[in-house]
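Below: one structure, written as structure tokens.
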Amino acid sequence: MDFLTLIGLVVAFGGIFVGQLLEGGKLSSILQLTAFIIVIGGTMGAVMVQYTMPVFVRSLKMVPWAVLPPKTDPQPVIAQILEWSNTARKNGLLALESLIEGVNDPFLQKGLQMLVDGAEPGKIRATLEVDLDSRSEMERQAAKVFESAGGYSPTIGILGAVLGLIHVMENLADPAKLGAGIATAFVATIYGVGSANLLFLPISNKIKGIVHQQTYLREMIIEGLVGIAEGENPKIIEGRLQSFYAR
């Protein structure tokens with residue numbers, strides 16, 4: 001679990017709420033269901049218009065990554081590839097066939113299957129790179145959904161404020177309601193700007209970072225599998241893989 005995301009959200013929203021209280025305001029004055037519906041509903045609708053269904057659904061599935069990111073630790077993967085390399089060097093590539101079902105990562109499993117099938121190193125690299133590119137592009141597009149939401153929500157917030165002011169203007173005959181009505185109208189602007197800068201844009205950037213880490217890890221996997229296919233010494237393969245994360 002990425003506790004930094006949770007801590008960041010608590011600090012961000014806590015700072016806003018505490019600041020509101022210190023200014024003598026009430027939390028109820030910035031908790032408006034109508035403004036929330038206008039901003040979030042309008043933003044999601046605009047995003048749905050911009051993207052296709054597969055990309056939008058993919059983005060929703062990636063939301064948990066902000067708190068529960070997929071594992072990108074390279075060391076267990078390197079150890080696994082080296083184990084395969086030693087096995088193939090001693091007993092041949094067919095000895096790896098019994099290990100295929102025990103691999104949980106579809107990308108690793110696909111590469112291992114190609115090794116067992118006796119595919120040429122160049123063929124393995126080309127096939128896995130196509131898989132890598134298509135997967136990475138889909139994930140990057142999904143991350144851009146939240147980036148787009150961060151662009152739309154402030155404008156939708158202004159739209160919500162204008163709608164609120166229209167309602168205020170319709171009640172000019174009752175001056176007692178003007179102050180509260182104007183304050184309520186501007187809550188939509190707060191929701192628009194706040195959701196963009198506290199949720200949508202940070203989530204987008206965090207997911208982009210995770211996608212970059214996964215892409216880099218898969219590039220390393222390709223190098224390891226190609227090295228096994230070429231019959232390289234496990235020590236050489238290990239040195240090459242470790243160099244991806246050399247510091």
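The values are calculated or read from the model by the stated rules, or taken from the named source; none is laboratory data. Keep in mind that what you see is a predicted model, and the values were worked out from it rather than measured. All Cβ positions, glycine included, derive from the backbone under ideal geometry; neighbour counts span all protein chains shown. To get the accessible areas, we keep the full protein, side chains included, count just its heavy atoms, and leave off ligands, DNA and RNA. Shrake-Rupley method; radii C 1.70, N 1.55, O 1.52, S 1.80 Å.
By the rule of a C-alpha distance below 30 Å, with chain neighbours fewer than 8 residues away ignored, the lysines paired with Lys206 are Lys61, Lys71, Lys110, Lys144. For the stretch 61-69, the Karplus equation 6.51 cos²θ - 1.76 cosθ + 1.60, evaluated at θ = phi - 60°, returns couplings of 5, 8, 4, x, 4, 4, 10, 10, x Hz by residue, with Gly and Pro reported as x. Put simply, the chain fits an ellipsoid with semi-axes of 54, 18, 11 Å; these come from the alpha carbon gyration tensor as the roots of five times its eigenvalues, largest first. Inter-part distance, the stretch 69-142 to the stretch 1-31, computed on C-alpha centroids, equals 45 Å. Accessible area of the stretch 194-235 with a 1.4 Å probe: how many percent of it is carbon plus sulfur? Taking all protein chains in place, the stretch 194-235 shows 54 percent carbon and sulfur surface.
Structural descriptor for the chain: relative contact order 30 percent, calculated from alpha carbon pairs under 8 angstrom and at least 6 residues apart.
Around the Cα centre of the chain, unit charges on the Cβ atoms of Lys, Arg, Asp and Glu (plus for the first two, minus for the last two) sum to a dipole of about 360 debye.
Normalised per residue, the accessible area of the chain is 56 Å², obtained with a 1.4 Å probe and no contribution from ligands, DNA or RNA.
For the chain, the longest principal axis of the Cα atoms and the long axis of helix 234-243 meet at an angle of about 20 degrees. In the chain, the longest principal axis of the Cα atoms and the axis of helix 201-229 are about 10 degrees apart.
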